[in-house]
Amino acid sequence: MVEFKFEDSLLVRVDNFRTFTHDLAMHIAATNPKNLKDLLQQGFVKDPDISVEKVIQQQILKFGENIEVTRFTRWDTEPTSPNDGGGPPKDPAVALRVVK
């Protein structure tokens, strides 16, 4: 789960913004960063030549809105036995927080 902070509640209706937040949540699920600083320094999985921090900065310029990743949590959901039907979720969760 990733929490984003931004100022304009209308941003949540923009498809490109929702795609960006989903992509970043998928990045966290795939790379398992230890903390926010490590996350921001990692190469973005969709373009390893650019850091996650730079991707966020690009989105800030694109949307004209200050966007911040405030926190994230990654749960490991490995099944405890082959027959328990468990496994990782199909999609990570994204929490969007509007701060004025």
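The values are calculated or read from the model by the stated rules, or taken from the named source; none is laboratory data. Predicted model, so just to flag it, every value in this text is computed and none were measured. All Cβ positions, even for glycine, are placed from backbone atoms using ideal geometry, and neighbour counts span all protein chains on display.
Being closer than 14 Å to Val94 by Cβ and among the β-branched types (Val, Ile, Thr) is the requirement here; does Thr31 meet it?
Details: closer than 14 Å to Val94 by Cβ: no; among the β-branched types (Val, Ile, Thr): yes.
It is false that Thr31 is closer than 14 Å to Val94 by Cβ and among the β-branched types (Val, Ile, Thr).
Could you list all residues from the stretch 24-37 that are closer than 17 Å to Glu68 by Cβ and surrounded by fewer than 16 Cβ atoms within 10 Å (Cβ to Cβ)? Can you show your working first?
Of the stretch 24-37, the ones closer than 17 Å to Glu68 by Cβ are 24-25, 27-28, 33, 35-37.
Those that are closer than 17 Å to Glu68 by Cβ and surrounded by fewer than 16 Cβ atoms within 10 Å (Cβ to Cβ): Asn35, Leu36, Lys37.
Would you please name the residue that is nearest to Gly64 (Cα to Cα), looking only at residues in the stretch 3-23 that are in contact (Cβ under 8 Å) with a residue 40 or more places away in the chain and among the hydroxyl-bearing types (Ser, Thr, Tyr)?
Ser9
List the strands (runs of 3 or more DSSP E) inside the stretch 1-73, counting only whole elements, that have at least 3 residues being touching a Pro at 6+ places or on another chain (Cβ under 8 Å) and at pLDDT below 90.
none
What about Asp91, is it acidic (Asp, Glu) and modelled with pLDDT under 95?
yes
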